[in-house]
Number of protein chains: 2
Amino acid sequence: MLNLQSPLSRKLTAFVALSDADLATLARFDRRRKTFHSGHEMIHEGEVNASAYILSTGWACSYKILPDGDRQIVDFQIPGDFLGLRSILFRTADHTVEAITRIEASEVLEPDLLDAFANAPRLATAVLWAASRDEAMVVEHLVNLGRRSAEERMAHLLLELGARLHLVGLGDEAGFDCPLTQYHLADALGLSAVHVNRVLRRLREDGLVTFQKGRVIVDAPARLRDLAGFDTAYLDQTGPLLR
Amino acid sequence: MLNLQSPLSRKLTAFVALSDADLATLARFDRRRKTFHSGHEMIHEGEVNASAYILSTGWACSYKILPDGDRQIVDFQIPGDFLGLRSILFRTADHTVEAITRIEASEVLEPDLLDAFANAPRLATAVLWAASRDEAMVVEHLVNLGRRSAEERMAHLLLELGARLHLVGLGDEAGFDCPLTQYHLADALGLSAVHVNRVLRRLREDGLVTFQKGRVIVDAPARLRDLAGFDTAYLDQTGPLLR
DNA sequence: CGGAGCTTTGAGACGGATCAAAACTCGTGG
DNA sequence: CCACGAGTTTTGATCCGTCTCAAAGCTCCG
């Protein structure tokens, strides 16, 4: 029951059928397990030869800081997600990754990845697929910022997080635990923290979602999806890729 | 002088040293050359098993359409860029790609890519690098929409296009030819077309950039970069990766 | 029980949207 | 060679969503 143990294998096997050999190689990614405390910067923008990680417990976020000190969060990472995968190919990391909660993660070095590509082609495909999915999420976030109102953005983000968490066995249809502050939400959605607060209140008063005390409860899933224009196509790619 | 002939090889060799065998494999990507007229949708959101292309002449853009008809352009593609590379791994395309001008492009099928990955590892690395760079650009666009003012966004976009065009031998320090309408700019920057017009006027009146009659002229490069907070780090990765 | 970080609320300012309409550009056909 | 028309650019007036500044209330850890 390897697949049920690790959030990553649970996520990958949902989309690519992996052989036992693939799963064994995947399991080897889990050596070098480390713990980081909340707030720790695991990868720094500008850092050379940064490592990548696979997140197994806790939440992280990746962001960029502007000259004036403003921050734009690009994505949140939850168990099963890669941290800084892109920065392995780049000489210097182009973004920062920070632990939001206390985190457990396995460090992935370049040779691990190359080994996987050479010896476990199906796994390599799966990793590539995961990277493409990450990019698809960034694209959807771009659409969010460019063309949706504050409330639509918030609805979309919460629905995405819910769907992703559900996929790795955290949270269910009703809701999920969420350690994000309103500052995190603001920096992800391109809003001010003050406005985030008002938006959350309106969504709550309209009976759509409630986000309080670290828990998100989706009160009216259908109406919320409708408001956000939320389409899971970019996330789930229904059923395993065989090829 | 293969590298000077194709914009793609010119771009890739700037970052990864390619062997003659790599270059030969790369040249084989150039069979199946096709022409598309301006406005043609080469890849449709939702399309299954879409092909990818390498753009050799002309401009394209990739975008998503929202339920209410709004459009968010994710990126523009210029000669040497891949079109729809991500959609090869996905069962269905998650975005649309449309020709802005008349276009010449070479169709790349899945087997071509797999062949390259199996037989030309350095080229495979280069392709992966190109995909990572595409993602880095999307991330930078996200920052643009989330945390920059309308003028900063415009300045940033024009500087990015200039830098990318320069890299493939189109345009120089002074400026470049640009077939985009103000509607394109608006949909890329998350603004209204009317506001785009006013922003361009202000930038022109401030002596920063002039965009008129299909040509962009950078009047004050240093001041423009300063306004935009433009750092080429995410684009050029100075000097060839050897590994 | 104190205090730091987070959430909540109010008042006012401002960037960019929207609506409306005129002016320009350029390819096309008469 | 001119007139037309579709697409594009430009400008004005007004409106609205979100920001900023300010301050109070809450929560939870030490």
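Computed quantities for the displayed model
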{"item": "Every pair of residues 6+ apart whose Cβ atoms lie under 7 Å, when the first sits in the stretch B:211-225 and is within 14 Å of chain A (Cβ to nearest Cβ) and open to solvent by 80 Å² or more (accessible area, probe 1.4 Å) while the second is modelled with pLDDT of 95 or more and away from DNA strand D (no atom under 16 Å from the Cβ)", "result": "B:R225/B:L159"}
{"item": "Check on B:S149, open to solvent by 40 Å² or more (accessible area, probe 1.4 Å) and within 13 Å of chain A (Cβ to nearest Cβ)", "result": "yes"}
{"item": "Members of the stretch A:213-227 that are within 16 Å of DNA strand D (Cβ to nearest atom) and either closer than 10 Å to A:L159 by Cα or touching an Asp or Glu at 6+ places or on another chain (Cβ under 9 Å) (or both)", "result": "A:G214, A:R215, A:V216, A:L227"}
{"item": "Every residue from the stretch A:128-146 that is open to solvent by less than 10 Å² (accessible area, probe 1.4 Å) and either over 27 Å from A:R198 (Cβ atoms) or modelled with pLDDT under 95 (or both)", "result": "A:W129, A:A130, A:R133, A:A136, A:V139"}
{"item": "Test: residue in the stretch B:158-179 that is in a loop (DSSP other than H, G, I, E, B), farther than 20 Å from B:F230 by Cα and within 16 Å of DNA strand C (Cβ to nearest atom)", "result": "yes"}
{"item": "Flag if B:D81 is in contact with a Lys or Arg (Cβ under 6 Å, 6 or more places away or on another chain) and either buried (at least 21 other Cβ atoms within 10 Å of the Cβ) or not assigned by TED's automatic domain parsing to the domain that holds B:L170 (or both)", "result": "no"}
{"item": "Residue list for the stretch B:1-58, filter: open to solvent by 20 Å² or more (accessible area, probe 1.4 Å) and among the aromatic types (F, W, Y)", "result": "B:F36"}
{"item": "Filtered residues of the stretch A:180-212 (kept if outside any helix (DSSP H, G or I), closer than 19 Å to A:H141 by Cβ, of a type outside the set (V, I, T) and within 14 Å of DNA strand D (Cβ to nearest atom))", "result": "A:G190, A:L191, A:S192, A:F211"}
{"item": "Pair list, Cβ under 6 Å, 6 or more apart: the stretch A:100-118 residue under 12 Å from A:L26 (Cβ atoms), other residue surrounded by 14 or more Cβ atoms within 10 Å (Cβ to Cβ) and among the small types (G, A, S)", "result": "A:V108/A:A52; A:A116/A:A124"}
{"item": "Residue count for the stretch A:188-210, restricted to those that are crowded, with 22+ Cβ neighbours inside 10 Å and within 14 Å of another protein chain (Cβ to nearest Cβ)", "result": "4"}
{"item": "Top-ranked residue of the stretch B:147-192 - restricted to ones that are without any contact (Cβ under 8 Å) to a residue 12 or more places away in the chain and under 16 Å from B:L203 (Cβ atoms), ranked as nearest to the chain's Cα centre (by Cα)", "result": "B:A186"}
{"item": "Of all residues making up the stretch B:73-116, the number that are at positive phi and away from chain A (no Cβ under 13 Å)", "result": "1"}
{"item": "A:R133 vs. criteria within 12 Å of another protein chain (Cβ to nearest Cβ) and out of contact with any helix residue (DSSP H, G or I) (no Cβ under 9 Å at 6 or more places or on another chain)", "result": "no"}
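Rundown of residues vs (1) within 16 Å of DNA strand D (Cβ to nearest atom); (2) within 15 Å of B:T232 (Cα to Cα), yes/no style:
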site: B:E98; (1), (2): yes, no
site: B:E104; (1), (2): no, no
site: B:R122; (1), (2): no, no
site: B:G146; (1), (2): yes, no
site: B:L161; (1), (2): yes, yes
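The values are calculated or read from the model by the stated rules, or taken from the named source; none is laboratory data. All of these numbers come straight from a predicted model, not from anything done at the bench. Counting neighbours? That spans all protein chains shown, and the Cβs are built from the backbone with ideal geometry, glycine included. When the accessible area is computed, the model is the full protein with side chains, heavy atoms only, and any ligands, DNA or RNA have been set aside. Shrake-Rupley method; radii C 1.70, N 1.55, O 1.52, S 1.80 Å.
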